[in-house]
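Just so it is clear, none of the values below were taken in a lab; they were calculated from the coordinates. Everything numeric in this text was worked out from a predicted model, so none of it was measured. Ideal geometry is used to build each Cβ from the backbone, glycine not excepted, and the neighbour counts take in all protein chains shown.
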Amino acid sequence: MTRIDYSQQIPNNVNLSDNRRLLKALESWQPKFMRWWNELGPVGFQGDDVYLRTAITTDIKRDSAWGYVKLPDYRWGVFLLDPDPNRTISHGEFKGQPVWQEVPGEFRNPLRRLVVVQGDTEPASVEQQRHLGHTCPSVYDLRNLFQVNVEEGRHLWAMVYLLDAYFGRDGRDEAEALLERHSGDSDKPRILGAFNEPTPDWLSFFMFTFFTDRDGKYQLASLAESAFDPLSRTVQFMLREEAHHMFIGTTGIARVVQRTCELIRQHGVDGRDVRRFGGIELDLLQKYINLHYSVSLDLFGSELSSNAATYFSSGLKGRFLETRRDDDHQLVNATYQVPRLEGGLVGTVEAPALNAMNETLRDDYIVDCQRGLSSWNKIIARAGLDFELRLPHRGFNRQVGVFAGTHLSPGGQVVDDQAWRAGVHEWLPTEEDREYVGSLMTQVIEPGKMANWIAPPATGINGKPVEFEYVRFEPRG
Ligand code: BYC
């Protein structure tokens with residue numbers, strides 16, 4: 001566990017001051033980052049004091065500084081988990097050899113691509129969420145939003161550090177480009193689909209932090225297995241921050257479910273009638289789940305991918321919890337079942353496991369998503385209601401991979417265009433649904449108060465009560 005040095009202009013635990021070239025590169029990128037933050041980060045609130053967690057050591061669960069910080073004064077920096085001098089490559093062709101401290105020339109391009117794709121998602125999510133502060137359901141939630149935003153900003157720093165430190169001139173160009181692409185920009189969009197979708201309301205935000213940040217967890221965990229040790233150590237620290245983001249999603253949706261159940265019980269109404277009392281009906285939640293889950297499934301890439309095979313066999317990217325798996329970690333002759341479509345039917349086919357890495361990771365992710373749904377369904381069952389939230393079929397509403405271009409119902413039936421058009425308003429949020437959710441989004445900033453559509457959290461943050469003043473607003477003039 002190392003302490004982070006906050007006496008430097010760029011806080012870090014990698015002895016930046018000993019590396020003049022890297023320090024110069026990062027110092028020249030820093031004002032560009034700040035310009036981006038001011039132009040495309042959270043709209044408003046930049047002068048308010050937000051109760052935030054800042055890492056002091058690499059053990060953020062035990063050692064974090066908690067206190068009021070103005071967002072632009074947050075100390076973004078470079079934090080890596082401590083090296084393990086005995087670490088060896090966990091998978092692929094070079095399994096068992098010492099991990100790399102430099103990028104091998106032959107893997108420079110694919111490694112840079114992985115770092116760039118990862119880096120691109122971080123500022124994208126901040127851009128997607130920039131307007132949400134104005135409709136926060138509570139001060140507790142507003143704080144959480146800003147914690148996520150500053151940490152995603154730091155994750156961008158984490159990738160820019162790798163680009164600048166290990167990829168020379170190309171890396172510096174890519175670091176600049178990460179601030180030039182923007183979410184939803186028709187000329188320079190973000191690289192992956194889900195990061196160009198808007199996050200217009202807090203229901204979408206909670207869905208995003210549950211489903212899309214969870215893709216982040218699985219991708220980062222795979223990169224944590226990388227033979228390129230600086231990447232592994234960088235993402236291991238990011239994963240520690242990521243846990244809080246997913247907590248926000250899991251508990252945020254649980255609180256919406258809870259409130260809806262309360263309204264149903266209290267008023268003896270069901271279905272859309274909950275809207276009369278300002279609630280979000282369970283059917284509508286299901287549609288949001290269908291949307292965010294399917295868009296996030298696309299983030300894993302095609303079922304069969306030669307890129308993914310190369311990443312694994314060269315040791316650049318492993319599987320989730322690679323070292324805990326009970327196989328040879330090389331998988332040269334191994335096979336894996338992947339979905340396929342044939343004659344209008346969904347089936348599976350046995351494929352080389354190396355090519356099926358994206359699907360392997362997607363399968364692990366699906367199991368994890370199901371845990372969240374099961375916990376929300378318990379809330380519904382405890383309220384005595386006969387309703388179950390479900391993950392739609394993995395082929396539903398997909399734009400990437402074997403299911404792209406084919407319509408499947410949430411139950412997994414292949415349907416024609418006509419049946420899709422007839423059913424889609426029951427499966428995905430309609431314009432009217434979005435407007436309704438939008439109409440609920442009014443800002444609540446009195447400490448301890450909650451918007452009507454969401455239940456309070458069970459506990460506050462860092463042992464503070466729910467009614468704690470998580471954001472101190474500067475006098476509005
Ligand atoms: N949208 O062979 P394929 C996070 C591209 S989230 C658009 O199937 P591959 C976070 C693909 O790039 C985690 N394009 O792909 C969460 C490839 O293009 P190139 C982010 C897509 O390479 C919340 C081409 O299609 N990290 O951290 O096997 C908040 C061929 O596809 C999409 C990573 O993703 C798409 N959905 O796998 C903040 C980890 N999917 O390269 C942060 C790093 C694919 O031929 N990335 N394409 O031009 C990877 O491991 C891989 O790039 C992917 C794609 C798994 C994404």
- Message: Please compute the contact order of the chain in relative form: average sequence separation of alpha-carbon pairs under 8 Å and at least six residues apart, divided by the residue count, as a percent.
- Response: 19 percent
- Label the stretch 219-354 by shape, choosing from rounded, prolate and oblate, from the square roots a ≥ b ≥ c of the eigenvalues of the Cα gyration tensor; if a/c is under 1.5 it is rounded, and otherwise prolate applies when a/b is larger than b/c, oblate when it is not. oblate
- Query: Quick one: net charge of GLU435's neighbours, Cβ under 15 Å, K/R +1, D/E -1?
  - Reply: -1
- Near LYS217, which lysines are there with a Cα under 23 Å away, not counting those fewer than 8 places off in the same chain? LYS61, LYS317
- Query: Setting aside same-chain residues fewer than 8 positions from LYS32, which lysines have a Cα under 25 Å from its Cα?
  - Reply: LYS24, LYS70, LYS188
- Item | Net lengthening on full extension, THR430/GLN266 (0.36 nm per residue, minus Cα-Cα) | 56.3 nm
- Provide the net charge surrounding VAL99, with neighbours chosen by a C-beta distance below 15 Å and charges set as Lys +1, Arg +1, Asp -1, Glu -1. -3
- Give me the distance in nm between label points sitting 7 Å out from Cα along the Cα-to-Cβ direction at ASP59 and GLN97, one decimal. 3.5 nm
- Task: Evaluate E = 1/(1 + (r/R0)^6) for ASP187 and LEU341, where r is the Cβ-Cβ distance and R0 equals 30 Å; express this FRET efficiency to the nearest 0.05.
- Result: 0.30
- Query: Counting each DSSP H run of 4 or more residues in the chain as -39500 (n - 2.57), what helix-only mean residue ellipticity at 222 nm follows after dividing by all residues, to the nearest 500 deg cm²/dmol?
  - Reply: -14500 deg cm²/dmol
